Each structure stands twice: as structure tokens, then as C-alpha cells.
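Report on the following structure.
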Amino acid sequence: MKKLEDIEKSEPSGNAEMEWVSDAIAEMLRKLDLKYIAMNPGASYRGLHDSLVNYLGNRNPQMLLCLHEDHVVAIAHGYARVTDKPMGAIVHSNVGLMHGLLQIFNAWCGRVPIFLMGATGPVDAAERRPWVDWVHTAQDQGALLRHYTKWDDQPASVEATFEAMLRANQICRTAPQGPTYVCLDAGIQELPLDADTVLPDPARYQPGPLPEPGADTLADLTNMLMAAERPLFLMGRVSRNQEDWDRRIRLAEALGARVLTDLRVGAAFPTNHPLHGPPPLSHFPAESKAMIRRADVIVAFDCIDLGGAINLIEIEGPVTGKIVNCSVDSYSHNGWSKDHQVLPAVDLRVLVEPDAMIRPLLPLIEDAMAGCDKKWVDEVPIDRAAKPTAEGDLDRAITAPDVSRFIEQAREGRKFTLVRVGLGWASDLYDFYEPLDYLGYDGGGGLGSGPGMAIGAGLALRGTGRIPITLIGDGDFMQGAT
């Protein structure tokens with residue numbers, strides 16, 4: 001079987017010098033350390049396409065040929081779900097961009113980074129070919145996606161293109177992460193490159209380390225948690241990093257805090273852990289709601305719709321515990337999209353990423369709790385019934401719980417990554433043990449993302465020994481596959 005590295009392998013032209021502006025753009029992509037770039041080829045970026053093949057030799061980044069821009073963006077989305085890093089994606093002019101808009105919205109709502117590039121026909125009208133260059137040229141192409149990307153630009157020179165690429169890379173990787181878009185001019189790509197052009201060093205334009213909470217905030221949160229008799233963690237969007245995963249477990253164990261997770265986002269805490277509450281769903285079941293009402297300190301780690309969840313829970317009784325909201329998601333909120341959900345009322349707002357807060361908080365808590373065995377006061381134990389087997393009438397119709405059960409039995413001795421699960425997934429029959437066991441939904445609820453995300457996640461998991469599995473609903477599959 002051929003290795004991916006040997007597929008469509010081409011050789012560079014042999015000319016060590018960059019001759020065209022598109023050569024310099026391709027070299028800049030390599031310097032940004034983008035391993036792959038998905039695309040559906042089009043004439044608006046034919047210059048860059050040529051340089052990726054003949055100047056770079058289709059290496060670093062390697063092109064992934066797609067038949068629709070839905071898949072171009074969805075593949076990059078799936079890749080980012082595994083790595084927390086952007087993959088490259090290119091869409092052709094206005095028409096290709098419009099095909100990919102739904103998946104850009106999904107990535108925006110999912111808060112995943114994508115380095116998206118596109119192009120428009122020659123901005124100089126005198127350079128446009130009749131008809132096709134005119135219909136594929138837009139005055140402000142970025143307006144199509146400006147409401148659900150972090151940043152966009154249409155640079156008008158090679159130097160401006162370098163800066164736009166560096167800024168797009170920096171912004172999409174900065175929390176809260178999200179897609180950025182750089183639109184190239186078809187005409188500029190095909191200009192001869194000045195001999196004295198110098199490419200900037202991307203090392204000087206990196207996102208930088210994640211900010212950490214101040215000493216006063218850490219002290220306030222430590223005091224709240226130390227005084228709590230029933231601390232509760234609501235885990236939301238967190239990293240796929242194993243060390244971050246381990247720190248979350250240690251923090252919960254040090255405090256005896258109960259933990260609830262959400263099926264709409266990736267695995268955040270081992271669901272078989274004694275401190276984990278009921279199995280994760282895309283909503284809080286009655287048992288979880290009761291736990292939230294009984295908690296005296298609730299820490300939300302970048303949860304989806306914290307305010308809406310509290311409002312629903314309070315229909316059946318008040319939530320009296322102090323609420324801490326740890327999230328930088330508000331930096332992405334705008335007036336057009338309402339994906340920010342209900343504004344939550346909280347007692348302490350911590351404007352940092354969850355894992356960036358846990359890192360300095362954990363040693364403070366562990367030092368304060370040394371020698372203590374803290375548990376919930378008046379705890380109601382979680383019913384953890386043994387998982388049923390697949391024995392019984394095998395001639396009956398297969399149900400959704402059967403699928404969960406069969407996959408659980410099949411993974412014995414293996415590591416599976418569930419890229420997506422379908423409606424009816426039985427969380428009580430399948431536990432998550434590691435951060436890559438489950439990647440979450442598509443963010444925006446837009447159909448057609450499943451097939452592309454499956455490919456992107458599988459690409460990112462190459463060499464890990466993990467087996468990616470995607471359960472796709474019929475509508476999601478049909479929209480994507482056709």
C-alpha cells in the first residue's frame with residue numbers, strides 16, 4: 001500500500017530561486033508549518049496552485065484534492081478537532097467560497113482554527129478575461145464570511161500578502177480560536193517576484209503563551225473552592241492535550257468535586273471516573289440538574305450556553321451556588337451571530353482559557369488540601385449499573401444502544417476515536433477514558449460536515465495507533481456525500 005507521502009508526489013522545478021509572487025506565497029505557507037492544505041482547484045488561485053506543485057513539489061503543505069468546498073473546510077475542521085492547530089484550506093473565488101460558507105460557520109461556532117485562503121479574479125479590470133473573470137471577481141469577497149470569521153483581508157502587494165498570512169495565522173491560533181480568511185488577487189499571484197524580496201520569519205509573529213489569571217483571581221477562586229462543601233465542575237470546550245486532561249482529574253480529586261460533561265464538545269474528563277456524574281448528553285438529564293441545584297460552588301469551564309442551561313434548570317428550582325465562568329468566548333461574540341447564547345449571571349468571571357486557569361490553580365489547591373480527603377457533603381451516589389451485553393434475540397432490529405454496545409465491545413485492546421456520534425447514542429454504554437476518545441459535534445448544527453470531518457480527523461490521527469470512527473446521520477451523510 002502506498003504511503004500518503006508518496007501519493008501525487010511531484011518534484012520541484014529544480015530552480016532554487018523564487019520567480020513568481022505565487023512562489024513566495026507558497027514558501028510562506030511552508031514557513032507557517034502547515035502540513036496539509038485542502039482545496040478544490042480553481043483559476044482564481046492557479047498561480048498558487050502551480051507553485052505548490054512545481055516550486056514546493058507538493059510537500060509541506062501537501063495538497064488534498066476535494067470535489068466540493070464543503071469538504072475542503074470540513075476536513076480542516078476535523079483536523080483541528082484532533083490537533084488544536086489549523087490546517088490550510090483554499091476555496092476558489094466567490095463561487096467556491098459560497099459553497100464552503102456553511103462549514104466555515106460550523107468551524108466558527110465550534111471555535112476551531114482554520115487557515116483559510118481564497119482568491120478573486122484580477123482586481124485590475126483591464127486584466128480580466130471576458131465573462132469568467134468578471135463573474136468570479138468581487139469587490140469585497142470577505143463580506144461573505146466576515147460575520148463568522150475572526151479576521152479577513154485582501155492584500156494588494158506581495159509584502160501585504162506576507163503580513164496578512166502572518167496575521168491570519170496568529171489570530172486563528174489565538175484563543176478563542178476560529179477561522180481566518182486571506183483573499184488573494186489572481187493577477188498579483190502571477191507577477192514576477194522582485195529579486196530583493198525577503199520573507200519574514202514567522203517565529204517573530206507567533207500567538208504567544210496563553211494568559212493566566214491574576215494572583216487576586218486565583219486567591220478568590222481558591223478560597224471559594226476550599227470553603228465549598230459541594231463543588232461542581234461543568235466541563236465544556238477544553239484542549240485535547242493529555243497533560244491538561246490529567247490536571248483536570250487531579251483538580252477534581254483534590255477537591256472531591258463532582259464533574260459533568262457535554263456530548264456537544266470533545267471528551268473533557270473520564271466518564272468512568274467515580275467523580276463523574278451521569279453519562280454525558282447534549283443536555284442535562286434530571287439527575288444532573290439536581291446535582292447543579294445542590295452544588296454550592298459551580299465552576300463552568302467554557303461551557304456551551306451556560307446561561308440557557310441555568311435558566312432551564314431553575315424552572316424546577318433555584319440554583320443557589322456561586323457560579324464561576326472561566327472562558328474567553330466573549331471575545332468572539334458579535335452582533336450578527338447569536339451563537340453566544342444566553343448571557344449568564346455569574347459571581348466570578350475569569351477571562352482565561354480553562355486549562356490555562358487550571359495550571360496555576362492546581363498546585364494552590366493541592367498544597368491547601370494536603371492530607372485531606374474531601375468529599376461531597378450529603379452526597380447522593382450515582383447509579384453506575386453494569387453495562388449490559390449484546391446477548392439476547394439477535395434476530396430483532398438493531399437499535400441505537402446496540403451500536404454503542406457493539407463498538408464498546410469491539411474496542412477491547414484498541415483505541416478508538418469517535419469523531420461524531422449519531423442521535424440516540426447511548427452514553428451509558430460507552431465510556432471516554434482519554435482526551436482523543438471523542439471529538440464532539442460540528443459546532444453550528446449545519447448538515448454536510450460529517451464526511452469531511454471524518455477525513456480530517458483521520459488524517460490528523462495518522463501514526464497514533466488510534467482508529468477513527470464516525471457515526472453520521474442520514475441527512476448529514478447525504479448532503480456531504482452527494
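When residues of the range 446-465 are filtered for being open to solvent by less than 60 Å² (accessible area, probe 1.4 Å) and either out of contact with any helix residue (DSSP H, G or I) (no Cβ under 9 Å at 6 or more places or on another chain) or more than 21 Å from Tyr36 (Cα to Cα) (or both), how many remain? Working first, answer last.
First, pick out the residues of the range 446-465 that are open to solvent by less than 60 Å² (accessible area, probe 1.4 Å): 446, 448-454, 456-461.
Checking which are either out of contact with any helix residue (DSSP H, G or I) (no Cβ under 9 Å at 6 or more places or on another chain) or more than 21 Å from Tyr36 (Cα to Cα) (or both) leaves us with 446, 448.
Residues in the range 446-465 being open to solvent by less than 60 Å² (accessible area, probe 1.4 Å) and either out of contact with any helix residue (DSSP H, G or I) (no Cβ under 9 Å at 6 or more places or on another chain) or more than 21 Å from Tyr36 (Cα to Cα) (or both): 2 in total.
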Single residue of the range 139-175 satisfying the filter (buried (at least 19 other Cβ atoms within 10 Å of the Cβ) and among the small types (Gly, Ala, Ser)) that is nearest to Asp194 (Cα to Cα): Ala164
Qualifying residue in the range 13-22 (condition: at pLDDT 95 or above, within 19 Å of Thr161 (Cα to Cα), assigned to a helix (DSSP H, G or I) and among the hydrophobic types (A, V, I, L, M, F, W, C)): yes
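Filter the range 255-269 down to residues that are crowded, with 21+ Cβ neighbours inside 10 Å and either more than 19 Å from the chain's Cα centre (by Cα) or closer than 27 Å to Glu229 by Cβ (or both), then give me how many there are. Steps first, please.
First, the residues of the range 255-269 that are crowded, with 21+ Cβ neighbours inside 10 Å: 255, 257-262, 265-269.
Next, only the ones that are either more than 19 Å from the chain's Cα centre (by Cα) or closer than 27 Å to Glu229 by Cβ (or both) stay: 255, 257-262, 268-269.
Number of matching residues: 9.
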Residue tally, condition in contact (Cβ under 8 Å) with a residue 24 or more places away in the chain, in contact with a Ser or Thr (Cβ under 8 Å, 6 or more places away or on another chain) and more than 18 Å from Cys172 (Cα to Cα), over the range 103-144: 9
Among (1) surrounded by 19 or more Cβ atoms within 10 Å (Cβ to Cβ); (2) under 24 Å from Arg420 (Cβ atoms) - the single one Leu281 does not satisfy: (1)
Residue that is at positive phi, out of contact with any His (no Cβ under 9 Å at 6 or more places or on another chain) and either modelled with pLDDT of 95 or more or open to solvent by less than 20 Å² (accessible area, probe 1.4 Å) (or both), where the choices are Asp296, Asp302, Asp246: Asp302
Pair list, Cβ under 9 Å, 6 or more apart: the range 338-353 residue surrounded by fewer than 13 Cβ atoms within 10 Å (Cβ to Cβ), other residue not in a loop (DSSP other than H, G, I, E, B): Leu343/Gly307; Ala345/Gly307; Ala345/Ile310; Ala345/Ile323
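For the range 390-482, list the helices (runs of 4 or more DSSP H) that sit wholly inside it and hold at least 3 residues that are modelled with pLDDT under 95; which are they? I'd like the intermediate steps shown before the answer.
On the way: elements: 400-410, 450-460, 474-481.
Correct list: 400-410, 474-481.
Counting only residues that are part of a loop (DSSP other than H, G, I, E, B) and in contact with a helix residue (DSSP H, G or I) (Cβ under 6 Å, 6 or more places away or on another chain), how many does the range 303-353 have? Reasoning before the result, please.
Keep residues of the range 303-353 that are part of a loop (DSSP other than H, G, I, E, B), which gives 303-305, 314-321, 327-328, 333-347, 351-353.
Add one more test, that the residue is in contact with a helix residue (DSSP H, G or I) (Cβ under 6 Å, 6 or more places away or on another chain), and what stays is 317, 319, 336-337, 339, 341-344.
Residues meeting the conditions: 9.
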Subset of the range 429-445 [hydroxyl-bearing (Ser, Thr, Tyr) and open to solvent by less than 40 Å² (accessible area, probe 1.4 Å)]: Tyr430, Tyr438
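The values are calculated or read from the model by the stated rules, or taken from the named source; none is laboratory data. Every value quoted in this text rests on a predicted model; they were computed, and no experiment measured them. Cβ sites come from the backbone with ideal geometry, for glycine too, and all protein chains shown count toward neighbours. Ligands, DNA and RNA are stripped out before the accessible areas are found, and what is left, the full protein with its side chains, is counted by its heavy atoms. Shrake-Rupley method; radii C 1.70, N 1.55, O 1.52, S 1.80 Å.
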